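What follows is a short report on a single structure.
The values are calculated or read from the model by the stated rules, or taken from the named source; none is laboratory data. Quick caveat, the model's predicted, so the values are computed rather than measured. Please note: Cβ atoms are built from the backbone with ideal geometry, for glycine as well, and neighbour counts cover all protein chains shown. We work out accessible area using only protein heavy atoms, side chains counted, and drop any ligands, DNA or RNA first. Shrake-Rupley method; radii C 1.70, N 1.55, O 1.52, S 1.80 Å.
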Amino acid sequence: MERLITTLLATTVIAAASLSVAAAEEKSKVFFLLPNETTIRFESRDAPFFVDAMKQKAPNVEVVVQNAQGDPAKQQSQVEDAIAQGAKLILLTSADANLAAGELAAAEKAGVPVVLYDHDAVGGKADAHVVFDSLAVGREQGKRAADLINAMSKSPVKVARVKGNQGEYGTTQYEAGQNEFLQPLIDSGKVQVVCEQYTQNWDPVLAQSFAEDCLTKNGGDVDVFVGMNDGTTGGSVAALISQGFKPGDKLVTGGQDATVEALRYVAQGWQDNSVLKDLKVQANYAADVVASIVDGKGVPKDLVNGKVNNTFMDVPAVFLPVSNITKDNLGDVVKAGVWTWAEICKGVETAEVCKKNM
């Protein structure tokens, strides 16, 4: 009997030790929730960059990436599922900033920290917001558009404004930054805004439809299309292509994200510019913030350099710098390691800038 008790005790100790090791080896889960598939950067760039950065900064953390596919209700379910799976943190790029309050409330109730990535989320608690300086982006877009318009001999210059998702922090800031340069031209009569519209969920198809309608309504007499990201400018380019225009016939400006598709348009002369937001830098800063919070150290104070008011609170912000890319400095994207010339020039090798650099 004594030998049996000893054996049982030993077995219990071994089993307990095994469970302890298993628990130690089990990784914490961080969920990176993406907004849609229409803004292609999130799936193709941001998510892989963030996963790689987390492997370096927090190797004991498992990153689970999910996409709401433009459906706020689906993203709400993803938040709830992440909580049920024991998420240590949710990195959230909202599918619709104006409908994200329920997601934030669910996370707060469960005690799960939320870090906002790029898009804002209105009406609830968030620990931090990692985003490129949206006002600076709008200013870059507005200044570039104003310089190009001022160089035109005609007056008024007829402008179509293809805006982003209405009510988002980013859209509001891009518009404010653009207006610093465009409004004086509107007031002076140099610019006549012939069409303007917000683009639900930044959908390029909706942007294209708007641009086509604007061209039709004005008998093709539109000089400039001013967008807010590469999806909206890409929609304008697609509209021009569909209606038989050629590169340079109309000015398309106001891009951002420096997607490879947009840079091909820049190389060909369809699109004038794209504001470079180095997504690898953003993903790395996000990983710094996330790793610190998961480690129990909170948001790194030395990274916070501003705030974003989401109507519920002033969210501590990590604002990142931006720069404008045109055909003249397209090589800066290559120097930054964002894209290679081979990637930018794929399919457009005959463009002059590509012939010079391939």
Filter pass, Ser44 being of a type in the set (S, T, N, Q), within 20 Å of Leu320 (Cβ to Cβ), under 19 Å from the mean Cα position of the chain (by Cα) and not in a helix (DSSP H, G or I): no
Sole exception among (1) at negative phi; (2) open to solvent by less than 20 Å² (accessible area, probe 1.4 Å); (3) at pLDDT 95 or above for Gly220, by number: (1)
Helices (runs of 4 or more DSSP H) contained in region 200-295 and holding at least 2 residues under 26 Å from Ala151 (Cα atoms): 204-217, 230-242, 260-268
Top-ranked residue of region 150-167 - restricted to ones that are in contact with a Phe, Trp or Tyr (Cβ under 9 Å, 6 or more places away or on another chain) and either farther than 16 Å from Gly231 by Cα or basic (Lys, Arg) (or both), ranked as most open to solvent (accessible area, probe 1.4 Å): Gly167
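From the set of residues in region 76-107 that are among the polar types (S, T, N, Q) and touching a residue at least 40 places away in the same chain (Cβ under 8 Å), which is nearest to Ala283 (Cα to Cα)? Before the answer, list the steps.
First pass over region 76-107, keeping only residues among the polar types (S, T, N, Q): 76-78, 85, 93-94, 98.
In the following step, the residues that additionally are touching a residue at least 40 places away in the same chain (Cβ under 8 Å) were identified as 78, 85, 93-94, 98.
Numbers: Gln78: 21, Gln85: 24, Thr93: 12, Ser94: 16, Asn98: 24 Å.
Here the answer is Thr93.
Any residue at all in region 100-112 that is open to solvent by 70 Å² or more (accessible area, probe 1.4 Å), at pLDDT 95 or above and more than 22 Å from Ala58 (Cα to Cα)?
Step one: filter region 100-112 for residues open to solvent by 70 Å² or more (accessible area, probe 1.4 Å), giving 108-109.
Now drop any that are not at pLDDT 95 or above, which leaves 108-109.
If we keep only those that are more than 22 Å from Ala58 (Cα to Cα) as well, we get 108-109.
Within region 100-112 (the criterion being open to solvent by 70 Å² or more (accessible area, probe 1.4 Å), at pLDDT 95 or above and more than 22 Å from Ala58 (Cα to Cα)), the answer is yes, since at least one residue qualifies.
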Flag if Thr199 is closer than 20 Å to Pro72 by Cβ and crowded, with 22+ Cβ neighbours inside 10 Å: yes
Residue list for region 324-358, filter: open to solvent by 40 Å² or more (accessible area, probe 1.4 Å) and not in a helix (DSSP H, G or I): Ala336, Gly337, Thr340, Lys346, Gly347, Glu349, Thr350, Met358
Residue count for region 291-315, restricted to those that are buried (at least 16 other Cβ atoms within 10 Å of the Cβ), of a type outside the set (Gly, Ala, Ser) and in contact with a Lys or Arg (Cβ under 6 Å, 6 or more places away or on another chain): 1
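Taking only region 177-196 into account, find how many residues are touching a Leu at 6+ places or on another chain (Cβ under 6 Å) and either surrounded by fewer than 18 Cβ atoms within 10 Å (Cβ to Cβ) or part of a strand (DSSP E or B) (or both).
Let us first name the residues in region 177-196 that are touching a Leu at 6+ places or on another chain (Cβ under 6 Å), namely 177, 191.
With the extra rule that they be either surrounded by fewer than 18 Cβ atoms within 10 Å (Cβ to Cβ) or part of a strand (DSSP E or B) (or both), the set shrinks to 191.
Qualifying residue count, region 177-196: 1.
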Which listed residue, of Asp133, Asp81, is of a type in the set (Asp, Glu), open to solvent by 20 Å² or more (accessible area, probe 1.4 Å) and under 30 Å from Asn229 (Cα atoms): Asp133
